[in-house]
Amino acid sequence: MASHIDHTLLKPDATAADIDQLCAEAMEHRFASVCINSTWVKRCAEILMGSGVLVCTVVGFPLGASLTEVKSYEARRAIEDGACEVDMVLNVGAMKSGMTNLVHADIAAVASTCHGLGARLKVILETCLLTKDEIVRASEIAKAAGADFVKTSTGFSTGGATLEDVALMRRAVGPVLGVKASGGVRTTEDANAMLNAGATRIGASASIAIVGAARSGASGGY
């Protein structure tokens, strides 16, 4: 379970001590990555060097409405500081306006930056703000534009991941891309359900509780 989880702390009031604790927990439990705001990327990369835990950060976060050039610059600086994965927020307003060429170009530019520097790109769709048809179309655009994952949510909007949306995204992108379920995943049961629905990565701040319950269950009880 732990290897599927991005151990996440994106709160604006997170302190350096909080970030250090996040990294310690990630190394102890062998999470896939820590997911943090870009100001902490260099610190996390130094702490996690050689541990096998990746550094993931967010760009255009949490609204997705910044200029493409700004998102690309954010991604570049974060990768230079040690980020291995970048979670960018879709331009939701453009998507809902039917401006699919802009959405594609926005993702493609950040994908090019990430891949050119050896990092992976996840695209946060913010599914709670999209219709089912828009979720499918946005997933298809992200795939066509070179994204490595599609992701449900920032955790800062009106809703988080749902099983229906995860399954919808998986069908839209097929078996090749990753699907990250993020927002509201708090228990082992939640995480397992998301993985069964087609997710390959879980974004969670309740990671310790999730893996703790999973290990207790594996040993015969909670």
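The values are calculated or read from the model by the stated rules, or taken from the named source; none is laboratory data. Every value quoted in this text rests on a predicted model; they were computed, and no experiment measured them. FYI the Cβ positions are ideal-geometry reconstructions off the backbone, even for glycines, and counts take in every protein chain you see. For accessibility, only protein heavy atoms count, side chains too; no ligands or nucleic acids. Shrake-Rupley method; radii C 1.70, N 1.55, O 1.52, S 1.80 Å.
Could you pull out the residue among VAL53, VAL92 that is closer than 25 Å to VAL185 by Cβ, buried (at least 20 other Cβ atoms within 10 Å of the Cβ) and out of contact with any Phe, Trp or Tyr (no Cβ under 8 Å at 6 or more places or on another chain)?
After applying the criteria, what remains is VAL92.
If we only count strands (runs of 3 or more DSSP E) wholly inside the range 1-108, which ones have 3 or more residues that are more than 15 Å from ALA206 (Cα to Cα), touching a strand residue (DSSP E or B) at 6+ places or on another chain (Cβ under 7 Å) and touching a residue at least 24 places away in the same chain (Cβ under 8 Å)?
Result: 54-59, 85-89.
Take the range 124-180 and flag every residue that is basic (Lys, Arg) and within 18 Å of LEU63 (Cβ to Cβ).
Selection gives LYS151 alone.
Which of the residues belonging to the range 125-182 are crowded, with 19+ Cβ neighbours inside 10 Å, within 15 Å of the chain's Cα centre (by Cα) and among the hydrophobic types (A, V, I, L, M, F, W, C)?
Passing the criteria: LEU125, ALA142, ALA147, PHE149, VAL150, ALA161, VAL166, MET169, LEU177, VAL179, ALA181.
Consider the range 111-124. How many of its residues are outside any helix (DSSP H, G or I) and open to solvent by 10 Å² or more (accessible area, probe 1.4 Å)?
Total satisfying the criteria: 3.
For residues that are under 15 Å from the mean Cα position of the chain (by Cα), over 19 Å from LEU9 (Cβ atoms) and either open to solvent by 30 Å² or more (accessible area, probe 1.4 Å) or aromatic (Phe, Trp, Tyr) (or both), tally how many sit in the range 183-216.
Looking only at that region, the number is 2.
Regarding the range 144-161, can at least one residue be identified that is assigned to a helix (DSSP H, G or I), of a type outside the set (Gly, Ala, Ser) and in contact (Cβ under 8 Å) with a residue 24 or more places away in the chain?
The first filter runs over the range 144-161 and keeps only residues assigned to a helix (DSSP H, G or I), leaving 144.
Right, trim to of a type outside the set (Gly, Ala, Ser) and you get none.
Checked the range 144-161: no residue is assigned to a helix (DSSP H, G or I), of a type outside the set (Gly, Ala, Ser) and in contact (Cβ under 8 Å) with a residue 24 or more places away in the chain.
Rundown of residues vs (1) within 22 Å of ARG30 (Cβ to Cβ); (2) touching a residue at least 60 places away in the same chain (Cβ under 8 Å), yes/no style:
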position: LEU168; (1), (2): no, no
position: ARG171; (1), (2): no, no
position: GLY178; (1), (2): yes, no
position: GLY183; (1), (2): no, no
position: ASP190; (1), (2): yes, no
position: ARG201; (1), (2): yes, yes
position: ALA204; (1), (2): yes, yes
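Consider CYS84 carefully, then state whether it is of a type in the set (A, V, I, L, M, F, W, C), closer than 22 Å to LEU9 by Cα and open to solvent by less than 10 Å² (accessible area, probe 1.4 Å).
no
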